[in-house]
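The values are calculated or read from the model by the stated rules, or taken from the named source; none is laboratory data. Computed from a prediction, not measured in an experiment: that's the story for all the values here. For neighbour counting, all protein chains shown are included, and Cβ atoms are generated from backbone atoms with ideal geometry for every residue, glycine included. All accessible areas refer to the heavy atoms of the entire protein, side chains included, with ligands and DNA or RNA removed. Shrake-Rupley method; radii C 1.70, N 1.55, O 1.52, S 1.80 Å.
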Amino acid sequence: MTTPTHPVVVIGAGQSGLAAARAVLEAGLRPLVLEAGPRPTGSWPDYYDSLTLFSPARFSAMPGLDFDGDPDHYPRRDEVAEYLARYVAGLDAEIRTSTRVQAVQQSQDGLFVVCTADGQELEAAGVVAASGSFSRPIRPALPGAETFTGRVLHVTDYRAPKELAGQRVIVVGSGNSAVQIAYELAEVADVTIASRQPLAFLPQQREGRDVHYWLTSSGFDDLPPEWLIHSVRARLVMDVGDYRTAAESDRLRRRPMFAALDGEEVVWPEGDREHVDAVLLATGYLPSLEYLRPLGALTAEGLPIQQGGISSTHPGLVYLGLEFQRSFASNTLRGVSRDAAYVLGPLAAHARKAPALVGL
């Protein structure tokens, strides 16, 4: 039996879910936020220990709450988790943790039915899919991986350098996480970055200001995602100078992507081989949205069928936190609240039309 209808159910209580909850409240509706984990901080507590934001605190805060401390410092993982916990405390929203959504369906009268792992069926006029991507890491097929005697890990499996101390490690990737992890690993391990494109560094400071000042003041953040996807081809690595210096001094070695794994060895494109203990994939993530499969809202690959975060298949369904959803910053702390305000317009209009709504 279904419970009374909720105006909006938000799936996920990380930065995207909390931004959605605030936007729902500002639209005059009551959100119910469902979080699979034990805390309303999303995946932040589960990232690697040294993870540091690439945008300073002044550009990373969400509406209504600043980060503590110097606004020009770069918050680390635990600080972000604590910030989100404080953000929750200021939201007048019902948040249920340890509540995993298994499926979203639609009733005959057009309401959504959100089915949870503990047997709840929650009716809703609107749904915000804000479940992030941490549980769906991209693990590309590596030729010869079935013969490899070492370990193949993803960034989701990595916490601290000591886990790989003294080992020969290949880090696969060319983005911020790949370089950040390889840089710290190089203190205790023999590390090479393997990537399909050279490392491209973007100076963190220009004319005494953080690059995010220029991104916002120049209008770059407002460029359409179609332009960004086709034009920003390189994965730019934010750098205060340490990473480029390390790369130029050979402390941070990089080679073109290896051809194969073979037993305990890696085979490089030139044909030379060397022993490797571990391969660490810094290859990104895909949206975690399988619960929408029964609804028919996804492509065969599990990607949302949407435009700017608004479902193209189901009125009343919206998304938050997708990479390049509406801008360069869409899946970041500094960008998600703008997207939340955008998608809540049509969502709220749809929700108010639902005849079964209560509490309005």
Let me confirm something: among Asp92, Asp68, Asp78, Asp72, which residue is touching a helix residue (DSSP H, G or I) at 6+ places or on another chain (Cβ under 9 Å), farther than 30 Å from Asp239 by Cα and either open to solvent by 60 Å² or more (accessible area, probe 1.4 Å) or aromatic (Phe, Trp, Tyr) (or both)?
Asp92
Checked segment 298-315 for anything open to solvent by 50 Å² or more (accessible area, probe 1.4 Å) and of a type in the set (Gly, Ala, Ser); matches are Ala300, Ser312
Filter segment 223-242 for residues that are surrounded by 13 or more Cβ atoms within 10 Å (Cβ to Cβ) and acidic (Asp, Glu); which is modelled with the lowest pLDDT?
Asp239
Are any of the residues in segment 83-97 part of a loop (DSSP other than H, G, I, E, B), touching a Gly at 6+ places or on another chain (Cβ under 7 Å), in contact (Cβ under 8 Å) with a residue 60 or more places away in the chain and farther than 29 Å from Gly175 by Cβ?
yes
Report the residue count in segment 178-214 for those that are part of a helix (DSSP H, G or I) and of a type outside the set (Asp, Glu).
11
Residue that is surrounded by the most Cβ atoms within 10 Å (Cβ to Cβ) [pool: residues in segment 105-161 that are part of a loop (DSSP other than H, G, I, E, B) and of a type in the set (S, T, N, Q)]
Ser131
Across segment 245-275, what is the number of residues that are touching a residue at least 40 places away in the same chain (Cβ under 8 Å) and either touching a Pro at 6+ places or on another chain (Cβ under 7 Å) or closer than 16 Å to Ser195 by Cα (or both)?
13
Inside segment 162-177, the number of residues satisfying the requirement of being within 19 Å of Asp239 (Cβ to Cβ) and either part of a loop (DSSP other than H, G, I, E, B) or out of contact with any Lys or Arg (no Cβ under 8 Å at 6 or more places or on another chain) (or both) is 5
Given (1) modelled with pLDDT of 90 or more; (2) under 21 Å from the mean Cα position of the chain (by Cα), identify the lone condition not met by Val266.
(2)
Looking for something within 15 Å of Glu94 (Cα to Cα), at pLDDT 95 or above and of a type in the set (D, E, K, R) - is there at least one such residue anywhere in segment 61-68?
no
Here the residues within segment 38-58 that are of a type in the set (Gly, Ala, Ser), buried (at least 20 other Cβ atoms within 10 Å of the Cβ) and in contact (Cβ under 8 Å) with a residue 40 or more places away in the chain are Gly42, Ser43, Ser55
When you check Val318 against the structure, is it open to solvent by less than 30 Å² (accessible area, probe 1.4 Å), of a type outside the set (Lys, Arg) and more than 25 Å from the chain's Cα centre (by Cα), yes or no?
no
I'd like the full set of residues that are surrounded by fewer than 15 Cβ atoms within 10 Å (Cβ to Cβ) and more than 16 Å from Val171 (Cα to Cα), limited to segment 243-261.
Thr245, Glu248, Ser249
Taking only segment 168-193 into account, find how many residues are open to solvent by 30 Å² or more (accessible area, probe 1.4 Å), in contact with a strand residue (DSSP E or B) (Cβ under 6 Å, 6 or more places away or on another chain) and either closer than 18 Å to Arg273 by Cα or modelled with pLDDT of 95 or more (or both).
1
What are the pairs, 6+ residues apart or on separate chains, where a residue within segment 106-131 that is of a type in the set (Phe, Trp, Tyr) has its Cβ under 6 Å from a residue that is open to solvent by less than 50 Å² (accessible area, probe 1.4 Å)?
Phe112/Val104; Phe112/Ala124; Phe112/Val127
Does Arg30 satisfy being touching a helix residue (DSSP H, G or I) at 6+ places or on another chain (Cβ under 8 Å), buried (at least 23 other Cβ atoms within 10 Å of the Cβ) and in contact (Cβ under 8 Å) with a residue 24 or more places away in the chain?
no
